1. Residue check: is residue 59 exposed (fewer than 12 other Cβ atoms within 10 Å of the Cβ) and either modelled with pLDDT of 80 or more or farther than 13 Å from residue 99 by Cα (or both)?
2. Residues in segment 1-17 that are under 17 Å from residue 76 (Cβ atoms) and either in contact with a helix residue (DSSP H, G or I) (Cβ under 9 Å, 6 or more places away or on another chain) or assigned to a strand (DSSP E or B) (or both): how many?
3. (1) in contact with a strand residue (DSSP E or B) (Cβ under 6 Å, 6 or more places away or on another chain); (2) modelled with pLDDT of 80 or more: which one isn't true of residue 24, the others all being true?
4. Between 105, 73, 134, which is on the phi > 0 side of the Ramachandran plot, at pLDDT 90 or above and assigned to a loop (DSSP other than H, G, I, E, B)?
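The values are calculated or read from the model by the stated rules, or taken from the named source; none is laboratory data. These numbers were taken from a predicted model, which means no experiment stands behind them. Please note: Cβ atoms are built from the backbone with ideal geometry, for glycine as well, and neighbour counts cover all protein chains shown.
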């Protein structure tokens with residue numbers, strides 16, 4: 001099971017993105033999604049089935065100390081901003097700083113949501129910011145479902161790649177004759 005947390009300012013569409021990806025539906029207008037803790041979704045990546053546990057902060061991002069419990073131990077993070085709201089993009093730096101303290105090593109996908117609205121943030125600027133920090137990047141519209149599945153599958157593919165990499169590295173160390181005590185004595 002891979003824990004994936006969504007983070008970002010209030011109103012950027014985190015809950016709507018999760019409902020769209022997990023259920024294939026649009027969250028009802030004005031719906032109170034604060035009760036949403038997590039959703040489960042199984043996806044296929046390169047022939048492997050990955051089970052994603054998708055966590056939502058449920059509006060608690062106002063209290064960043066509470067939110068840290070959501071992303072602590074996460075394998076992946078979706079850092080969401082609203083392309084029509086410049087301030088939500090600027091606040092990504094605050095979220096990035098928090099991630100370095102509580103979720104170091106997690107795969108991060110920066111999601112520019114609401115591409116169906118007039119832009120306040122240029123795509124090239126946002127992509128450059130994500131690349132500078134070693135994050136994946138995608139733009140989506142939860143309202144229309146544009147690119148939502150593809151974006152989360154991009155993150156899932158990165159989680160799978162990292163899992164395979166860890167598995168391959170650990171299998172070389174454990175049980176490898178080159179690293180056993182017996183083989184070292186013979187040298």
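1. no
2. 9
3. Evaluating residue 24 over (1) in contact with a strand residue (DSSP E or B) (Cβ under 6 Å, 6 or more places away or on another chain); (2) modelled with pLDDT of 80 or more leaves (1) as the failure.
4. Selected residue: 134, the only one of 105, 73, 134 that is on the phi > 0 side of the Ramachandran plot, at pLDDT 90 or above and assigned to a loop (DSSP other than H, G, I, E, B).
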